[in-house]
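To start, I am sharing the structure in question, which I have written as structure tokens.
What follows draws every value from the coordinates through simple rules; no lab data is involved. Computed from a prediction, not measured in an experiment: that's the story for all the values here. As a convention, Cβ positions derive from the backbone with ideal geometry for all residues, glycine included, and neighbour counts pool all protein chains shown.
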There are 2 protein chains.
Amino acid sequence: MSEKLAIFAEGLFTAPNGKTAHGVIRYGTRDVVAVIDSTETGRTAVEVVPFALHPVPIVATLAEAIELGATALLIGVAPTGGKLDPAWRAVLFEAIGAGLHVEAGLHTQLSEDAELRRAATRAGVALRDLRAAPADLTVPKGPFTRPDAVKVVHSVGSDTVIGKKVVTLELDRAARDRGLRSVYVPTGQTGVAIAGWGIAVDHVISDYVAGAGERLVLEGAERGDLLFVEGQGGLFHPAYSGVTLGLLHGSAPDLLVLVHKAGATALRNYPGLPIPPLAELIAAYESVARPVRPTRVAAIALNTADLPSDDEARAAIAAAEAETGLVADDVVRFGAQRVLDAVLGAL
Amino acid sequence: MSEKLAIFAEGLFTAPNGKTAHGVIRYGTRDVVAVIDSTETGRTAVEVVPFALHPVPIVATLAEAIELGATALLIGVAPTGGKLDPAWRAVLFEAIGAGLHVEAGLHTQLSEDAELRRAATRAGVALRDLRAAPADLTVPKGPFTRPDAVKVVHSVGSDTVIGKKVVTLELDRAARDRGLRSVYVPTGQTGVAIAGWGIAVDHVISDYVAGAGERLVLEGAERGDLLFVEGQGGLFHPAYSGVTLGLLHGSAPDLLVLVHKAGATALRNYPGLPIPPLAELIAAYESVARPVRPTRVAAIALNTADLPSDDEARAAIAAAEAETGLVADDVVRFGAQRVLDAVLGAL
């Protein structure tokens with residue numbers, strides 16, 4: 001019997017923090033039978049989050065999700081800081097008691113919680129920590145250790161929660177559709193939930209974050225020769241810049257795709273901090289990468305989700321192109337072909 | 001009875017990786033009764049490593065160190081990657097069996113090793129992991145959260161193992177000698193061993209490395225109002241740049257001191273990667289910090305240890321000053337006063 005997933009996103013399914021739920025519904029290969037969010041019941045996932053694409057029913061309780069056949073429960077929200085919200089413990093114990101496997105991509109490791117572990121052992125179910133780091137990580141060998149034939153494209157961004165993962169997935173899919181041996185390389189908990197492999201590099205000790213990036217590239221190189229490596233954080237993000245730079249230097253990309261949310265002028269979680277202009281961001285990413293392994297931004301992936309009309313979106317894309325001299329497009333709204341063409345043309 | 005420390009540095013006391021031993025002997029407040037390194041016996045620490053300053057006897061075995069009164073054993077080497085060398089396990093068990101506390105600043109946590117833990121419990125001794133991360137870390141509140149009266153000076157560098165910690169300690173000491181309420185803020189395992197507080201930020205999960213930097217500044221602000229925050233890694237170091245940038249953005253310094261080893265042209269552990277010229281390094285650190293909290297390099301701390309004569313050292317310092325237009329000096333060789341003057345003048 002293949003696994004049937006219920007995704008817990010109480011009160012947050014429509015919020016940006018619901019991105020784990022959205023990504024797993026849209027891109028995952030497992031059957032999602034229900035989203036649990038009592039504030040959005042009676043509708044389906046795609047009705048309240050069009051990005052999710054699929055009409056997964058939204059229910060109020062775990063019991064209803066079990067009636068729909070759920071055999072595993074995934075925590076589908078990614079809170080800032082990544083801790084387990086104590087309010088979620090009840091549903092975890094309820095799920096374990098009902099015989100469901102439990103899966104989360106938090107910094108809080110379910111399997112390190114003695115009570116959860118006892119309950120899971122008693123119930124014979126698994127606790128899966130998507131963000132667990134491999135035990136044998138270390139520092140990287142260096143930025144020129146992969147085979148020359150393997151090309152690495154890394155999605156970097158101007159902020160968090162603006163769609164770096166989505167851009168990476170869409171570029172990979174479009175490349176595979178063209179018959180290329182392309183691979184999506186997951187670097188975060190949602191990507192691991194979607195792809196079934198990868199490392200959540202933000203849970204790795206900071207000394208090994210570049211080592212994790214290098215390992216992911218070498219593992220990706222066993223799966224294909226055009227690697228789209230998901231980015232994390234942002235170079236000027238006061239909390240996550242260390243993850244960003246470690247992953248950039250560790251994955252040592254040949255090309256970058258810069259992801260930006262149209263109209264965003266300040267950081268989501270630090271509204272006092274402005275986002276620099278795109279041209280400055282491009283120069284900053286290129287110059288901070290250069291001494292380790294030179295790279296350049298090949299295209300802009302603009303997230304225009306906040307712009308209601310396609311005309312406004314096209315105007316924002318044209319403005320980004322004029323500002324940077326690069327191809328820009330919204331790969332979700334208008335498809336990944338133009339950005340992919342720019343990437344392949346620059347390789 | 002106050003603690004008496006034996007420092008284990010077998011085969012490595014005179015190597016750069018022996019920096020934990022050197023720092024604890026030179027700057028620590030605990031009594032060091034012996035260094036264990038069978039390749040350097042019969043001499044004292046200061047004879048083979050003048051930087052260490054103190055005539056601590058070097059012995060071949062733990063038994064000799066115990067005869068000299070050792071009540072605790074510190075692993076005094078910092079291997080690249082930070083793992084426990086399996087060859088060191090025997091002396092750890094021997095020390096535990098003899099009733100010594102055991103202390104290490106490795107990524108390998110002694111207290112997570114079931115065998116060591118069993119032995120320590122049986123012997124009634126402590127296993128101390130200097131690199132253990134606080135359990136309640138999270139992301140930072142932001143770069144402007146400290147009191148305005150608190151000034152932060154951060155030592156950044158062109159590479160690892162070139163003396164960022166030493167520069168930080170010397171500047172702090174010189175400032176305290178002038179009657180300032182100065183604090184050395186330890187960010188690595190040796191600093192924690194020396195000062196008895198702090199966080200080894202490179203062992204923190206990468207998502208929290210900036211949060212650790214902010215917390216250290218806020219803790220330092222309870223101890224004084226001029227904080228010298230030890231730097232880690234290097235902005236263009238392919239393994240550790242994530243630690244560097246996270247700590248830079250998290251500690252959000254008012255000023256930087258750039259530490260460089262005179263004559264070094266490539267990274268120690270990655271000899272294929274050149275170190276950019278000082279002027280480029282200065283511009284890079286300042287521009288990558290700016291969007292989060294502007295800062296600038298106030299002075300160059302040049303490590304001239306590889307230059308035999310003071311005249312050569314002075315010429316290298318003059319060249320660094322000419323290249324950068326900043327005050328440069330070797331704070332170990334010639335004292336910290338000129339660099340400290342430049343820092344205080346720029347605050």
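Within 15 Å, Cβ to Cβ, of A:THR71, how many net charges do the neighbouring residues add up to if Lys/Arg are +1 and Asp/Glu are -1?
On the way: positive: A:LYS4, A:ARG30, A:ARG128; negative: A:GLU3, A:ASP31, A:GLU64, A:GLU67, A:GLU94, A:GLU103.
Here the count lands on -3.
Could you derive backbone 3J(HN,Hα) for segment A:137-151 from the dihedral phi with the Karplus parameters 6.51, -1.76 and 1.60 (θ = phi - 60°), listing whole Hz in sequence and x where the residue is Gly or Pro?
Per residue, the Karplus-derived 3J(HN,Hα) values read 5, 7, 6, x, 6, x, x, 10, 9, 7, x, 4, 6, 8, 10 Hz.
Could you check the simple spin-label distance between B:TRP197 and A:LYS83, using points 7 Å along Cα→Cβ, in nm with one decimal?
2.2
Now for a separate question. If only Cα atoms are counted, what is the Rg of segment A:42-101, and what is its Dmax, in Å?
Calculated on Cα positions, Rg and Dmax stand at 12.9, 33 Å.
Taking just the alpha carbons, could you work out the radius of gyration and Dmax for the protein assembly as shown, both in angstroms?
Taking only Cα atoms of the protein assembly as shown, I get Rg and Dmax of 26.4, 83 Å.
I've got another one for you. Using amide H atoms built in the peptide plane, which far-off residues or other-chain residues are under 5 Å from B:THR39 H to H?
B:GLY11
What net charge do the residues around B:VAL343 carry, taking every other residue with its C-beta under 13 Å from that of B:VAL343, with Lys and Arg at +1 and Asp and Glu at -1?
Working: positive: B:LYS151, B:ARG178, B:ARG296, B:ARG338; negative: B:GLU170, B:ASP172, B:ASP254, B:ASP329, B:ASP341.
It works out to a net charge of -1.
R0 = 45 Å: FRET efficiency of A:ALA283 with A:SER38, Cβ-based, nearest 0.05?
Between A:ALA283 and A:SER38 the formula returns 0.45.
Here's something else I'd like to know. Could you work out the mean count of beta carbons from other protein chains within 10 Å of each residue's beta carbon in B:81-90?
Values: counts 6, 5, 2, 0, 0, 0, 0, 0, 0, 0.
Going residue by residue through B:81-90 and averaging, the value is 1.
Something else: Would you mind getting the Kirkwood hydrodynamic radius of chain B from its Cα pairs, rounded to one decimal in Å?
On the way: mean 1/r = 0.0487 Å⁻¹.
Answer for chain B: a Kirkwood hydrodynamic radius of 20.5 Å.
Show the residues, 5+ positions off or on another chain, whose built amide H is closer than 5 Å to the amide H of A:THR71.
So A:THR71 has HN proximity to A:LYS4, A:LEU5, A:ALA6.
How many Lys pairs in chain A lie less than 20 angstrom apart by Cα atoms, where the lysines are 8 or more positions apart or on different chains?
10
Under the rule of at least 5 residues apart or a separate chain, name every residue whose amide H is placed under 5 Å from the amide H of B:ALA34.
Excluding prolines and chain starts, which carry no amide H, the hits are B:ILE7.
Moving on. In deg cm²/dmol and to the nearest 500, what is the mean residue ellipticity at 222 nm of the protein assembly as shown if only DSSP H runs of at least 4 residues count, each as -39500 (n - 2.57), divided by the residue total?
On the way: 24 runs with 239 residues, N = 694.
Only helices count here, giving -10000 deg cm²/dmol.
OK, next. Would you mind pulling out the separation of the Cα centroids of segment B:160-226 and segment B:86-108, in Å?
Each part's Cα centre sits 26 Å from the other's.
From the Cα gyration tensor of segment A:2-99, with a ≥ b ≥ c the square roots of its eigenvalues, which class applies: rounded if a/c is under 1.5, or else prolate if a/b is larger than b/c, or else oblate?
Rounded, because the longest to shortest axis ratio a/c is under 1.5.
Across peptide A:230-240, what mean number of C-beta atoms from other chains lies inside 10 Å of a residue's C-beta? Intermediate results must be reported in sequence, preceding the final value.
Values: counts 0, 0, 2, 5, 1, 5, 7, 6, 17, 15, 10.
Other-chain Cβ atoms within 10 Å of each residue's Cβ, averaged: 6.
With the contact rule set at Cα under 8 Å and sequence spacing of 6 or more, what percent relative contact order holds for segment A:305-347? It would help to have the intermediate numbers written out before the result.
Details: 21 pairs, mean separation 10.1, N = 43.
Averaging sequence separation for qualifying contacts and normalising by length gives 23 percent for segment A:305-347.
Another question, if that's okay. What average number of partner chain Cβ atoms lie no more than 10 Å from the Cβ of the residues making up B:136-145? Could you put the intermediate results ahead of the total?
Details: counts 1, 2, 6, 9, 3, 3, 8, 4, 4, 0.
Mean number of neighbouring Cβ atoms from other chains: 4.
Please compute the contact order of chain B in relative form: average sequence separation of alpha-carbon pairs under 8 Å and at least six residues apart, divided by the residue count, as a percent.
Details: 746 pairs, mean separation 48.1, N = 347.
That works out to 14 percent.
Let me ask you something else. Work through the residues other than B:PRO140 whose Cβ is under 9 Å from its Cβ and net out their charges, Lys, Arg +1 and Asp, Glu -1. Mind dumping the intermediate values first?
Working: positive: B:LYS141, B:ARG215; negative: B:GLU214.
Charge balance in the 9 Å sphere: +1.
Moving on. Residue by residue, what Karplus-based ³J(HN,Hα) values in Hz, rounded to whole numbers, does segment B:47-52 have, using 6.51, -1.76 and 1.60 with θ = phi - 60° and x for Gly and Pro?
5, 9, 10, x, 3, 5
Please give the FRET efficiency for A:THR29 paired with B:THR29, using the beta carbon to beta carbon distance and R0 = 60 Å, rounded to the nearest 0.05. Present the calculation step by step, with values, prior to reporting the outcome.
Numbers: r = 58 Å, r/R0 = 0.97.
The pair A:THR29/B:THR29 has a calculated efficiency of 0.55.
Sticking with this one: Rounded if a/c is under 1.5, else prolate if a/b is larger than b/c, else oblate: which is segment A:174-269, with a ≥ b ≥ c the root eigenvalues of its Cα gyration tensor?
Working: a/c = 1.88, a/b = 1.30, b/c = 1.44.
Verdict is oblate for segment A:174-269.
Right, something else. To the nearest Å, what is the center-to-center distance of segment B:270-326 and segment A:294-318, using C-alpha atoms only?
Rounded to whole Å, the Cα centres lie 39 Å apart.
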